[in-house]
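> Let me give you the structure first, and then I'll get to my questions.
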Amino acid sequence: MKKIGFSGTLDPITNGHMWVIGEARSIADEVIVFLSQNSTKQPRFSAEERRAIVLESCAERQWDNVQVLIVKSDYTARVARKHGVDYLIRGIRSTADFDYENLIQQTNVEVIGGAKTLFVMPPRDLGSVSSSFVKALEGPVGWNWTTKKFVPGPAYRAWITSWLHKEWQALFPGDTEWFARLTGADAYGGATRHYHNLDHLVHGLAEIRAWAANTGAAARDADLVRAAFWFHDAHYGHEPSAISNEEASARLWLGSGLEPDAARAEEVATLIRATDHLQGGDVAHPLKDILLGVDLAILGQNEEVYGHYMRGIRAEYGHVPEERYGEQRARVLEHLRGKAYGGTLYADPWFSEQYNEPAIVNMTREIAQLA
């Protein structure tokens with residue numbers, strides 16, 4: 001078969017969609033993805049953005065025989081025929097899917113005179129994956145790690161960047177320059193950021209949202225913590241420096257001009273400095289324990305997420321020899337575990353209740369692995 005088509009809104013494209021495209025590639029020389037632009041729907045991404053995401057996802061897998069066309073105000077099956085496509089391919093996950101797709105197929109052929117449809121059955125692990133399913137996961141703490149399992153890398157990066165942009169605009173309306181800078185290659189979006197990256201930002205901001213919702217925190221307090229978290233690892237390097245990463249990040253914040261109120265700006269800088277193990281102990285602020293709880297919440301996540309964190313930290317210290325890393329990492333973990341045993345790892349009661357016991361389990365496991 002020379003050409004085969006695949007159609008959908010693809011907002012976002014999922015690993016299930018990618019599997020169907022892969023099946024199409026196995027039976028045709030060329031695959032055309034027909035991307036629906038439906039004025040009655042309100043997609044997260046524009047048609048052009050979705051097209052770019054699909055192409056990048058295919059390029060990541062080195063699929064060079066896939067093209068993407070946007071369908072506007074026309075039937076996909078009819079557009080497919082115009083482009084020399086005699087068959088569309090669709091994934092069938094259930095009998096309900098089959099009944100629906102079979103009706104569409106009959107309409108395409110008998111009413112519209114368009115391309116016919118081939119049906120394929122996805123593997124069990126992709127049987128429940130759809131765009132609506134994935135989008136429904138957004139929001140709670142850890143949602144980003146859950147959704148990462150179901151979408152290709154480019155779709156995931158676009159999704160969390162979009163989510164972060166909404167969070168940023170709620171805090172700093174109208175700013176685009178600093179958002180682009182913080183999420184870009186020189187900060188959290190950097191290639192060497194294996195843990196202190198965009199995932200870390202998403203997780204922390206979700207933790208702040210959960211803390212504020214469950215404790216009735218004042219909006220002003222939540223916004224101060226959010227601003228501090230956005231900047232707390234803005235500068236993150238391993239090279240010797242006269243000032244710490246946290247101090248450099250605090251100064252970056254103060255120089256941003258994002259907060260016109262000097263007193264509030266200084267409060268945020270104080271909170272950023274509280275995350276510095278060299279000077280944090282001398283920092284006093286009513287919200288200090290909250291920001292530290294957010295930053296250390298990763299220690300109390302489930303085993304799978306903690307494993308990602310553990311590997312990410314190791315990658316960020318890839319320049320450190322294995323034996324030396326093991327010794328230093330074990331020393332840090334033993335110190336933190338000791339604080340957890342003493343009930344002081346999370347000084348804020350809400351974070352302590354959520355994460356103290358799981359953190360002990362996770363750190364004990366990692367210490368044993370390092371040994």
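> Looking at segment 279-298 only, could you name the residues that are more than 21 Å from ARG337 (Cβ to Cβ), open to solvent by 50 Å² or more (accessible area, probe 1.4 Å) and either modelled with pLDDT of 95 or more or not charged (D, E, K, R) (or both)?
GLN279, ALA284, PRO286 - these are the residues of segment 279-298 that are more than 21 Å from ARG337 (Cβ to Cβ), open to solvent by 50 Å² or more (accessible area, probe 1.4 Å) and either modelled with pLDDT of 95 or more or not charged (D, E, K, R) (or both).
> Now, a different point. Check segment 299-311 and report whether any residue there is open to solvent by 80 Å² or more (accessible area, probe 1.4 Å), among the β-branched types (Val, Ile, Thr) and at pLDDT 95 or above.
No - not one qualifying residue is present in segment 299-311.
> Exactly one condition in (1) open to solvent by less than 40 Å² (accessible area, probe 1.4 Å); (2) over 13 Å from the mean Cα position of the chain (by Cα); (3) touching a residue at least 40 places away in the same chain (Cβ under 8 Å); (4) within 28 Å of ARG314 (Cα to Cα) is not met by HIS196; state its number.
The single condition HIS196 does not satisfy is (2).
Rundown of residues vs (1) surrounded by 17 or more Cβ atoms within 10 Å (Cβ to Cβ); (2) within 23 Å of the chain's Cα centre (by Cα); (3) polar (S, T, N, Q), yes/no style:
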residue: ALA228; (1), (2), (3): yes, yes, no
residue: ASP233; (1), (2), (3): yes, yes, no
residue: GLY237; (1), (2), (3): no, yes, no
residue: SER244; (1), (2), (3): yes, no, yes
residue: GLY257; (1), (2), (3): no, no, no
residue: GLU266; (1), (2), (3): no, no, no
residue: ALA269; (1), (2), (3): yes, no, no
residue: ASP276; (1), (2), (3): yes, no, no
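> Please go through segment 178-193 and pick out each residue that is buried (at least 18 other Cβ atoms within 10 Å of the Cβ) and within 15 Å of ALA248 (Cβ to Cβ).
LEU182, ALA187, TYR188
> Mind listing just one residue for me: the one in segment 332-351 that is of a type in the set (A, V, I, L, M, F, W, C) and over 19 Å from GLU366 (Cβ atoms) and, of those, surrounded by the most Cβ atoms within 10 Å (Cβ to Cβ)?
Step one: list which residues in segment 332-351 are of a type in the set (A, V, I, L, M, F, W, C), which gives 332-333, 336, 340, 345, 347, 350-351.
Okay, now just the ones that are also over 19 Å from GLU366 (Cβ atoms), so 347, 350-351.
Working: ALA347: 14, TRP350: 16, PHE351: 24.
By that ranking, first place goes to PHE351.
> A follow-up question, please. With respect to THR176, determine if the residue is of a type outside the set (A, V, I, L, M, F, W, C) and closer than 23 Å to MET18 by Cβ. Even if it seems obvious, please write down each step before you answer.
Numbers: of a type outside the set (A, V, I, L, M, F, W, C): yes; closer than 23 Å to MET18 by Cβ: no.
The answer is no for THR176.
The values are calculated or read from the model by the stated rules, or taken from the named source; none is laboratory data. Just so it is clear, the structure is predicted and the values come from calculations on it, not from any experiment. Cβ: placed from backbone, ideal geometry, glycine included. Neighbour counts: every protein chain shown. Accessible surface is based on the protein model in full, side chains and every heavy atom, while ligands, DNA and RNA are left aside. Shrake-Rupley method; radii C 1.70, N 1.55, O 1.52, S 1.80 Å.
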